[in-house]
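Heads up: the structure comes next, in structure tokens.
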Amino acid sequence: MKIDPWSSATYQDYTRLRDEFGIEEFSENLWKDLPHPHRLLRRNVVFGHRDFSVIHSAILAKKPWAILTGLMPSGRMHLGHKMVIDEVIYYQSIGADIIIAVADIEAFATRGFSLTGTKKLAIEEYITNYIALGLKPENCRIYFQSHNEYVKDLAYQLGKKINWSQMVATYGFNGATNMAHIFSPLVQTGDILHVQLPQYGGVRPTLVPVGVDQDPHLRLSRDVAQAHRLFNIMETKDHRIGVFVKIDTDVGKLLDCAEAVVHDLGFTKLQRITEYKALYLDDSTIEDIPWINEAFAKKEPELGGYGFLQPCSTYHRFMTGLTGDKMSSSKPESAIFLTDSPDNARKKIMHAKTGGAVSIEEQRKQGGSPDTCVVYELFLYHLIENDADLAAIYTSCRKGELMCGQCKKRAADRMAQVLVDLGEKRAKAQDSITDYISDI
Ligand code: TRP
Ligand code: SF4
């Protein structure tokens, strides 16, 4: 199986994603003790992650961390897009720095959009809605890929440690792929890692919340981050913890520095073997590796490196379209757009594919099937905050007490209210766009 970020395929075999790609299960112990955990975390809509425990620790220790996400402005903003920004707004409320990339280079390279058209769409459709949904300007920066020289320079420089075979293996590129397209994953790597540059807040844990289709970019970014490190902190085959210098110049100086760093961290049983470019820490265990690693990462910029920590990621499920297949901007009846009129949204919901039985009598007898019902999904993802209220719908549907007509009407009423409210907030958002974007 290969994941293609530019196709319209959906990847729903979650077990396989875990086994084949190493995406781990987003289990309860990762969100339970966060401040007021968001419904998308509680309800397993976020189902997988890489290294989220790093973010979890940063949140609990109240240490700085960042969220980096990107938006591909390729059509009108719908409920599927809302989901990610809801998550981002939650993380902002618990202390994350928020950085949002407008993927105008990617839209240009892979979808044939113009940079100016993309800019207009990004501002009018997406950023205005983000503000209306509650994104705050404090500790938040939105930028365009094509305007950020640091991102583009990084993309170019980081490319030094990626070869063509790796790009072919990851993305399936071939001789007919245009060069701008080939370069666009490097720009995304620049997006993901530039937030750790000194001028953007320095080395710190970064979370990238995405759909699974974006995982190839995450793997690339994590490989590249690691490839550019000066030190590797790991357990050896004979179970010692070692700090290894990864480059061949200035080894002596780097080992001196490593000694000073681990000494400051409180380790004293050290053995230095210069010919292995190694410093062993015989009074540490594998549990110490993450924080030792972080200390080294923070030191590396002073030594001429980047010190990038590998970015962490979470993966969310995609909403089903109202028609039962994919929710897509190109099929208006499948999606509710944030700028749909309340009436129009109401109609789409009343026509939505439910998990109801063939007849009312049948449904009273057999019950409905909320697990395969897009109306239930609307409640779960967007419309009902209280878990007990959601559970009540689930149970009464299963028991055949709740009928689809009544249930759809409830969803439609709530949706209409959300859209009216958003419309009002969008009107107010117009004046504050420049508080979020410095480079329009
Ligand atoms: N490639 C993403 C998309 O197709 C957009 C994007 C660009 C992005 N840069 C990013 C997403 C950085 C996450 C992180 O939607
Ligand atoms: Fe879906 Fe509601 Fe019908 Fe149950 S009653 S199948 S949740 S629409």
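The portion of the accessible surface of the range 177-255 made up by carbon and sulfur, rounded to a whole percent, is 56 (1.4 Å probe; DNA, RNA and ligands excluded). Relative to the dominant Cα principal axis of the chain, helix 179-194 is inclined by about 80°.
For the set SER93, SER359, the ranking by accessible area, highest first and with no ligand, DNA or RNA atoms included, is SER93, SER359 under a 1.4 Å probe. Cut-off under 21 Å on the C-alpha distance; same-chain residues fewer than 8 positions from LYS62 excluded. Which lysines are left, in chain and number order? Within reach: LYS32, LYS136, LYS298, LYS299.
Sorting LEU115, LEU207 by solvent-accessible area of protein heavy atoms yields LEU115, LEU207, largest first, with a 1.4 Å probe.
The angle separating the long axis of helix 251-264 from the principal Cα axis of greatest extent in the chain is about 70 degrees.
The GluC sites (Glu not before Pro) of the range 1-95 include none that meets both criteria, a DSSP state outside H, G, I, E and B (loop) and at most 11 other C-beta atoms within 10 angstrom of the site's C-beta.
State, as an integer percentage, the relative contact order of the range 3-157 based on alpha-carbon contacts under 8 Å between residues 6 or more apart. Mind dumping the intermediate values first?
On the way: 151 pairs, mean separation 30.6, N = 155.
Relative CO of the range 3-157 lands at 20 percent.
Exceeding 18 Å between C-alpha atoms, which entries from my cross-link table qualify? They are LYS253/LYS277; LYS331/LYS353; LYS331/LYS408.
Numbers: LYS253/LYS277 11 Å; LYS331/LYS353 15 Å; LYS331/LYS408 21 Å.
Violating the 18 Å Cα-Cα cut-off are LYS331/LYS408.
The trypsin sites (Lys or Arg not before Pro) found in the range 1-62 that occupy coil by DSSP, while having at most 12 further C-beta atoms within 10 Å, are LYS2, LYS32, LYS62. The residues neighbouring MET403, those whose beta-carbon lies less than 15 Å from its own, together hold a net charge of +4 under the Lys/Arg +1, Asp/Glu -1 convention. In this structure CYS397 has an accessible area near 20 Å², from a 1.4 Å probe over the protein heavy atoms. Computed on protein heavy atoms with a 1.4 Å probe, the accessible areas place TRP164, TRP31 in the order TRP164, TRP31, largest first.
Heavy-atom accessible surface of the range 332-435, averaged per residue, reaches 53 Å², computed with a 1.4 Å probe.
Relative to one another, the C-alpha centroids of the range 196-264 and the range 388-440 are positioned 42 Å apart. For the pair the range 76-97 and the range 130-183, the centres of their Cα atoms are 20 angstrom apart.
The values are calculated or read from the model by the stated rules, or taken from the named source; none is laboratory data. Everything numeric in this text was worked out from a predicted model, so none of it was measured. FYI the Cβ positions are ideal-geometry reconstructions off the backbone, even for glycines, and counts take in every protein chain you see. Each accessible area value is taken on the protein alone, full model and side chains, heavy atoms only, with ligands, DNA and RNA left out. Shrake-Rupley method; radii C 1.70, N 1.55, O 1.52, S 1.80 Å.
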